[in-house]
Amino acid sequence: MNARGTALLTAALLLLLAGALLREALFGGEVLSPAGFLLKHPPWSADAPAGVAPGNPTLADQATQFQPWALIAQRQLDSGLPPLWNPFAACGQPLLANMQSALLSPFATWLHLLPFGAALLAIALSKLLLAGLGTALLARRLGCSAPASALAGLAFAFGGYQFLWLGHPHSSAAALLPLLLLLVERWQDEGARGWLPALWALAVAGLLLCGHPETALHAG
């Protein structure tokens, strides 16, 4: 099986597993957000339904920072305004210049194309596909068989770090790592020919704009 066949096999397996793990958001009408965490805190706790047990508090930053920033930016863009300023934090704070708002991340493109809940799901699926396909193609280029390469893609895409932080900017930067390594391999073997330097530059730019400089540093 060539690289294209490996990519198709990996993509099919990634989508099947993502469909199983994210089925509530894909098919159940729910939003891929830990915002239920807010029901544990005033003023929302006063109206929390009986018996509600909010999920993983480790993901609270999604509900208190990353997703509100994205929603504010989306609403400002829909109003024809540049998303430069967050008027709701303290006495106002920079929004675009906030290094973790990631409004220039390649994954943030979905915020301009889809309603907010659908955009969150599309961003998550894009990260899983990029991480998995990049890993599978890298493994294939390093001489692994097609099944082994597909398994490597699944392991990285759904590994603890990548899947736990799927709604955080951490996973955005990490998702680009296999692609960067694949480009390094191709550059070493083929030299700086054709579209390779431009794609490399775009991948590095995406890494730096993903919203988590720490993970970008590790990837670099």
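The values are calculated or read from the model by the stated rules, or taken from the named source; none is laboratory data. Keep in mind that this is a model prediction, so the values were computed, not measured. Cβ sites come from the backbone with ideal geometry, for glycine too, and all protein chains shown count toward neighbours. Just so you know, the surface numbers come from the protein's heavy atoms only, side chains and all, with ligands and any DNA or RNA stripped out. Shrake-Rupley method; radii C 1.70, N 1.55, O 1.52, S 1.80 Å.
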Quiz item: Scanning for something under 18 Å from the mean Cα position of the chain (by Cα) and touching a residue at least 24 places away in the same chain (Cβ under 8 Å), does the stretch 73-87 turn up at least one residue?
Solution: yes
Practice problem: Consider residue 175 carefully, then state whether it is open to solvent by 20 Å² or more (accessible area, probe 1.4 Å), under 20 Å from residue 10 (Cβ atoms) and modelled with pLDDT of 95 or more. | Solution: no
Exercise. Quick one: count up the residues across the stretch 198-220 that are more than 18 Å from the chain's Cα centre (by Cα) and buried (at least 17 other Cβ atoms within 10 Å of the Cβ).
Key: 1
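Residue by residue, here is whether (1) in a loop (DSSP other than H, G, I, E, B); (2) touching a His at 6+ places or on another chain (Cβ under 8 Å) holds:
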{"position": "50", "(1), (2)": "yes, no"}
{"position": "61", "(1), (2)": "no, yes"}
{"position": "76", "(1), (2)": "no, no"}
{"position": "82", "(1), (2)": "yes, no"}
{"position": "107", "(1), (2)": "no, no"}
Quiz prompt | Of all residues in the stretch 84-105 being part of a strand (DSSP E or B) and out of contact with any strand residue (DSSP E or B) (no Cβ under 6 Å at 6 or more places or on another chain), the one that is nearest to residue 201 (Cα to Cα) | solution = 94
Practice problem: Could you please give the count of residues in the stretch 131-161 that are surrounded by fewer than 21 Cβ atoms within 10 Å (Cβ to Cβ) and closer than 19 Å to residue 207 by Cβ? | Solution: 2
Quiz prompt | Residues of the stretch 186-197 satisfying the condition of being over 17 Å from residue 137 (Cβ atoms) and either open to solvent by less than 60 Å² (accessible area, probe 1.4 Å) or in contact with a strand residue (DSSP E or B) (Cβ under 8 Å, 6 or more places away or on another chain) (or both) | solution = 191, 197
Quiz item: β-branched (Val, Ile, Thr), farther than 29 Å from residue 74 by Cα and assigned to a helix (DSSP H, G or I), is that true of residue 204?
Solution: no
Quiz item: Which one of these does residue 33 not meet: (1) modelled with pLDDT under 90; (2) surrounded by 13 or more Cβ atoms within 10 Å (Cβ to Cβ)?
Solution: (1)
